[in-house]
Amino acid sequence: MVVSPLLIGMPEMRQSSLVVVANRLPIDDSVAPDGACEWRRSPGGLVSALHPLLRHTPATWVGWAGRTGPAPTLPDVDGVRMQSVPLSTEDFRDHYEGFANATLWPLYHDAVEQPEYHRRWWEAYQRVNQRFAEVAAEVAEPGGVVWVQDYHLQLVPALLRELRPDLRIGFFLHVPFPPPELFMQLPRRAELLRGMLGADLIGFQRAQAAHNFAQLVAKVLELPATDRQIAVDDREVRVGAFPVSIDTAEMAALAARPEVAERARRLRQDLGGPEHVILSVDRMDYTKGIEQRLKAYSELIAGGHVKVRDTVLVQVAMPSRERVGQYQILRERIEREVGRINGEFGRVGEPAIHYLTQPFDRAELAALYRMADVMAVTPLRDGMNLVAKEYVAARVDDTGALLLSEFAGAAAELSQAYQVNPHDLEGLKQGLLAALQADPADLSRRMRGMREHLHEHDIRAWARSYLSALDESESLTTRLRTD
Ligand code: ADP
Ligand code: F6P
């Protein structure tokens with residue numbers, strides 16, 4: 001069955017009844033010189049969501065191991081089989097950096113940066129999707145379930161169905177799905193829609209995305225489509241919204257540890273014991289609204305509404321997709337602006353912004369969340385934004401204010417956050433001030449409501465609802481430890 005030249009000669013693959021297919025594997029083979037592998041929590045929502053879910057589940061995760069060339073053989077991690085897919089340097093450049101992150105990513109995020117269209121990138125997208133489909137077809141047990149993730153792999157469901165019609169195939173899109181007027185720009189729009197329709201169930205973060213998809217299918221493919229189901233040949237494809245979440249209990253337990261609380265106190269001391277700490281944690285991405293946030297903050301200082309002596313901003317911005325031009329330009333602009341603000345408003349030993357580009361382990365992230373009075377999560381567009389949910393889960397004493405963009409998927413659920421339009425600079429400034437000056441009793445009421453919501457709607461509830469929709473029979477949900 002395997003036809004891609006890069007797959008020839010790969011060791012025989014073991015089969016599982018549940019297979020997750022995602023662009024990246026959650027482990028970094030380079031951190032295992034002695035053969036011992038650990039989960040790599042790369043800063044990204046997909047790994048953060050699926051990692052706690054799959055741990056100790058007899059499943060296979062199919063993905064790319066993070067370096068180009070032949071696919072490494074990886075040990076099982078926490079009982080999960082790691083099946084790597086090889087990518088050449090051309091595949092990485094034209095599929096991952098090109099079609100996935102310079103065509104689809106900007107287009108799906110309201111085209112806040114200009115999407116680029118190149119025929120060579122499309123060829124690579126098809127080639128790499130074909131290879132992922134072939135590997136998935138090899139490792140799925142007869143009648144098994146394959147759950148394909150995200151925009152890098154939109155052709156996989158249909159390619160896989162051709163290879164293995166016996167499988168039950170799910171597809172979940174972690175990012176927004178754009179309105180028809182944007183999606184229609186794509187030169188190969190019909191192929192992308194047909195690729196997704198190979199799935200039995202197509203999951204989105206929000207109902208609006210399911211609606212956009214159904215409208216496009218009706219318009220471009222002329223198939224009968226509603227926001228819940230689409231008829232394709234003799235099959236029925238179901239469509240729906242399944243807002244992804246976090247391991248709420250794990251983050252809450254981590255944040256409640258005495259050593260994490262102590263670390264949060266120390267961090268605050270190290271910041272000079274300010275009255276207010278504002279925190280932002282983002283992948284360095286133009287969708288995250290970092291520049292708009294910095295501008296709002298610097299105008300608040302310049303206008304005398306915020307004093308550097310009393311208030312500090314900690315901005316964590318983990319570099320991402322670093323060879324893609326738009327990301328390089330963004331980093332330069334952010335770093336110039338941080339330098340300007342600190343130069344203009346900081347004092348010796350008292351910078352206005354503490355800017356960090358490092359990865360942190362989960363305990364340090366929990367301590368940062370506990371340290372912050374205001375968490376500013378203000379993306380221009382975001383599929384969900386798990387950082388917002390992590391902050392809420394970490395506020396175990398019901399303190400703290402969440403400032404949240406209404407364009408983050410999380411805004412539909414976290415209605416008690418201070419919601420802002422990040423494009424509206426004055427609104428952003430007012431929102432920040434309101435969060436900084438809020439009445440503690442009001443904050444506590446809001447935070448309690450949001451924590452209760454996340455307690456119920458955690459990552460296991462997400463998996464349960466998706467997998468039971470994929471297969472109405474309860475037996476499927478038992479393949480994952482969702483209890
Ligand atoms: P995206 O998927 O676009 O990156 P999300 O907010 O949904 O955005 O997910 C980001 C995930 O990455 C979160 O789980 C967050 O804790 C993690 N993360 C972000 N920055 C860092 C960092 N500097 N170090 C470690 N983890 C990070
Ligand atoms: O959330 C969207 C997403 O592309 C995820 O698939 C991934 O976890 C995250 O962003 C990080 O992106 P990358 O894999 O390009 O570093």
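The values are calculated or read from the model by the stated rules, or taken from the named source; none is laboratory data. These figures come from a predicted structure and were not determined experimentally. Every residue, glycine among them, receives a Cβ derived from its backbone with ideal geometry; neighbour counts consider all protein chains shown.
Here are some notes:
- Qualifying residue in the range 132-145 (condition: surrounded by fewer than 23 Cβ atoms within 10 Å (Cβ to Cβ), modelled with pLDDT of 95 or more, closer than 18 Å to Arg321 by Cβ and not hydrophobic (A, V, I, L, M, F, W, C)): no
- Residue check for Val148: within 20 Å of the chain's Cα centre (by Cα) and assigned to a strand (DSSP E or B): yes
- Residue match in the range 210-223 (condition: outside any helix (DSSP H, G or I), modelled with pLDDT of 95 or more and surrounded by fewer than 21 Cβ atoms within 10 Å (Cβ to Cβ)): yes
- Whether a residue is touching a residue at least 60 places away in the same chain (Cβ under 8 Å), assigned by TED's automatic domain parsing to the domain that holds Gly98 and not in a loop (DSSP other than H, G, I, E, B) was assessed, and Glu134 passes this test.
- Gly195 vs. criteria in contact (Cβ under 8 Å) with a residue 24 or more places away in the chain, touching a strand residue (DSSP E or B) at 6+ places or on another chain (Cβ under 7 Å) and within 24 Å of Ser468 (Cα to Cα): no
- Per-region count, the range 307-317, residues more than 16 Å from ligand 2 (Cβ to nearest atom) and either within 16 Å of Gln292 (Cβ to Cβ) or not assigned by TED's automatic domain parsing to the domain that holds Leu428 (or both): 2
- When Asp166 is tested against (1) in a loop (DSSP other than H, G, I, E, B); (2) more than 15 Å from Val19 (Cα to Cα); (3) away from ligand 2 (no atom under 16 Å from the Cβ), only condition (2) is not met.
- Count of residues meeting criterion [away from ligand 1 (no atom under 16 Å from the Cβ), part of a loop (DSSP other than H, G, I, E, B) and more than 22 Å from Leu7 (Cα to Cα)] in the range 51-108: 5
- In the range 59-78 there is no residue matching the filter, namely being over 24 Å from Gln130 (Cβ atoms), at pLDDT 95 or above, within 16 Å of ligand 2 (Cβ to nearest atom) and not basic (Lys, Arg).
- Verdict on Asp373 being away from ligand 1 (no atom under 16 Å from the Cβ) and surrounded by fewer than 15 Cβ atoms within 10 Å (Cβ to Cβ): no
- Single match in Leu197, Leu186 (criterion: crowded, with 22+ Cβ neighbours inside 10 Å, hydrophobic (A, V, I, L, M, F, W, C) and in the same structural domain as Ala225 (by TED's automatic domain parsing)): Leu197
- Residue in the range 377-390 that is farther than 22 Å from Val244 by Cβ, of a type outside the set (Ser, Thr, Tyr) and not assigned by TED's automatic domain parsing to the domain that holds Val47 present: no
- In the set (1) in contact with a helix residue (DSSP H, G or I) (Cβ under 9 Å, 6 or more places away or on another chain); (2) part of a helix (DSSP H, G or I), the condition left unmet by Pro243 is number (2).
- Residue check, Phe177 surrounded by 19 or more Cβ atoms within 10 Å (Cβ to Cβ), in contact with a Phe, Trp or Tyr (Cβ under 6 Å, 6 or more places away or on another chain), among the aromatic types (Phe, Trp, Tyr) and outside any loop (DSSP other than H, G, I, E, B): no
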